[in-house]
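To keep things clear, I will list the structure first and then write my remarks on it.
The values are calculated or read from the model by the stated rules, or taken from the named source; none is laboratory data. Here the structure is a predicted model, which means the values were calculated and not measured. Positions of Cβ are backbone-derived with ideal geometry, glycine not excepted, and every protein chain shown enters the neighbour counts. Side chains are part of the model used for accessible areas, which takes the heavy atoms of the whole protein and leaves out ligands, DNA and RNA. Shrake-Rupley method; radii C 1.70, N 1.55, O 1.52, S 1.80 Å.
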Amino acid sequence: MATPRTQRTFSSPIVESRRWIEGVTFPADRPLLNLSQAAPADTPPEALRQVMAEAALNDTSAHLYGAVLGRDELRAALAGQISKHYDGAVASEQVGITSGCNQAFTATIASLCDEGDEVILPTPWYFNHKMALDLTGVTAVPLPVGDGMLPDVRQAEQRITPKTRALVLVTPNNPCGVEYPEGLVAAFFDLARKHNLALIVDETYRDFDLREGAPHKLFQKTDWHQTLIHLYSFSKAYRLTGHRVGAIVTGAPKLFEIEKFLDTHTICPNQIGQIAAAWGIENLSDWLAGERAEILLRRAAIEDGFTVLAERGWKLLGSGAYFAYVEHPFAQAADDLAKQMIHDCGVLMLPGTMFTPSEDPGGARQFRIAFANVDTSGIAQLFDRLAGWTPEAH
């Protein structure tokens, strides 16, 4: 009997890490610092919640099935926002709204791949991308990153086979935080076009990029829609995590295929979430700029304060958006250290083993620090706790 695909992939790292803290009591003077999940825990701003409440009370369409590819007003608003931000040309019919960015990725893979096909993923990878490929019967081909935690185009080309269907980039990166240079993204686009592959660029965290303006010029190419599949999430921008609103931006023929998947799985995205996202695009640019400024302050606190850990052998491998990616100096593997750290330091971080293939020894040396819900004071506490920590040898 064949093994079900769910048994052939790993458990969700977020779910697994929550099990580690079940039943653990943390003293009042040293509460848990939870640096495991890259999602804002605060509610949307009050003005946005008022819009959502009004829609729930008075907009009949908020409670009904809608268009599979999303509400017209949201598709048009996002097309306009992307066109302005990237100084490119995106039409509303090139935008599809999804039930979160994870579904955007899964729907994209379903539209591109058949059983046994291959997709190239830089590692450390976003674990849900690997899980989605496992569950679809698609082979994830690891592309280990190099200097600066950046993937290499030449190494990517060496991994292309007749079964390859797509290259995947996440920028700003999850889990490493690094922002991919414009030239690197352009080189991957050229590589994908050369081999008639899709380039999937997940820009979930684009609103928290350190760079001002467009991070790349792909949308300025007249034929961008033939190669590029851009993924986005409203969860991070407007704190709509529970409402599951994401997006796919690509050519209309690709969306035609993606629509079949979406119609089968969810019929339509969450209506109230879509109403909120459309209102957010039109009204919350100043508020979002403040959110970005706060995240950049936390990033600076990570980079400036890391000296105390560097003196003890830690290395800061990457930082940006909601993340820092670090290497620890201890003999033990990161997955063992992560559990010790909860009890010894009151700190929950995900080990690099959750972002790398099992055969990659690098994961055992690494941790992801997700600081979406830890302010600069909490970051200072993190460094204080880790600087004084020597784990027990086993």
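Here are some residues: Ala140, Ala198. Which one is open to solvent by less than 10 Å² (accessible area, probe 1.4 Å), touching a helix residue (DSSP H, G or I) at 6+ places or on another chain (Cβ under 9 Å) and small (Gly, Ala, Ser)?
So the residue among Ala140, Ala198 that is open to solvent by less than 10 Å² (accessible area, probe 1.4 Å), touching a helix residue (DSSP H, G or I) at 6+ places or on another chain (Cβ under 9 Å) and small (Gly, Ala, Ser) is Ala198.
Take the residues in region 249-283 that are in contact with a Lys or Arg (Cβ under 8 Å, 6 or more places away or on another chain) and under 24 Å from Phe219 (Cα atoms), then tell me which one is surrounded by the most Cβ atoms within 10 Å (Cβ to Cβ).
Once the filter is applied, the top-ranked residue is Gln274.
Could you pull out every one of the helices (runs of 4 or more DSSP H) wholly within region 8-86 that has 3 or more residues that are in contact with an Asp or Glu (Cβ under 9 Å, 6 or more places away or on another chain)?
Where helices (runs of 4 or more DSSP H) fall fully within region 8-86 and carry at least 3 residues being in contact with an Asp or Glu (Cβ under 9 Å, 6 or more places away or on another chain), they are 72-86.
Only residues that are in contact with a helix residue (DSSP H, G or I) (Cβ under 7 Å, 6 or more places away or on another chain), among the hydroxyl-bearing types (Ser, Thr, Tyr) and surrounded by 13 or more Cβ atoms within 10 Å (Cβ to Cβ): list them for region 13-48, please.
Within region 13-48, Ser36 is the sole residue that qualifies.
Are there any pairs with C-beta distances below 7 angstrom linking a residue in region 266-280 that is in contact (Cβ under 8 Å) with a residue 60 or more places away in the chain and within 18 Å of Pro44 (Cα to Cα) to a residue that is open to solvent by 20 Å² or more (accessible area, probe 1.4 Å) and among the aromatic types (Phe, Trp, Tyr), with the two at least 6 apart or on different chains, and if so which?
Within 7 Å, no pair qualifies.
Kindly indicate whether any position in region 59-73 is within 23 Å of the chain's Cα centre (by Cα), open to solvent by less than 40 Å² (accessible area, probe 1.4 Å) and at pLDDT 95 or above.
So far as region 59-73 goes, yes, one or more of its residues are within 23 Å of the chain's Cα centre (by Cα), open to solvent by less than 40 Å² (accessible area, probe 1.4 Å) and at pLDDT 95 or above.
Kindly indicate the residue of region 292-344 that is of a type outside the set (D, E, K, R), in a loop (DSSP other than H, G, I, E, B) and in contact (Cβ under 8 Å) with a residue 60 or more places away in the chain and also nearest to Thr356 (Cα to Cα) among those meeting that condition.
Among them, the one singled out is Gln332.
What's the number of the only condition in (1) modelled with pLDDT of 95 or more; (2) crowded, with 18+ Cβ neighbours inside 10 Å that Asp286 fails to meet?
(2)
Open to solvent by 20 Å² or more (accessible area, probe 1.4 Å), farther than 30 Å from Leu240 by Cα and polar (S, T, N, Q), is that true of Gln155?
Judged against the criteria, Gln155 is a match.
Suppose we filter region 162-181 for residues that are in a loop (DSSP other than H, G, I, E, B) and either buried (at least 21 other Cβ atoms within 10 Å of the Cβ) or among the β-branched types (Val, Ile, Thr) (or both); how many remain?
10
Filter region 321-331 down to residues that are modelled with pLDDT under 95 and more than 14 Å from Leu350 (Cα to Cα) and give me whichever is farthest from the chain's Cα centre (by Cα).
Ala331
Taking region 366-391, which residues are open to solvent by 40 Å² or more (accessible area, probe 1.4 Å) and over 18 Å from Asp335 (Cα atoms)?
Scanning region 366-391 gives Asn373, Asp375, Thr376, Ser377, Ala380, Gln381, Asp384, Gly388.
Among the candidates Arg211, Arg193, single out the residue that is closer than 26 Å to Ala110 by Cβ and out of contact with any strand residue (DSSP E or B) (no Cβ under 7 Å at 6 or more places or on another chain).
Arg193 is the lone residue from the list that is closer than 26 Å to Ala110 by Cβ and out of contact with any strand residue (DSSP E or B) (no Cβ under 7 Å at 6 or more places or on another chain).
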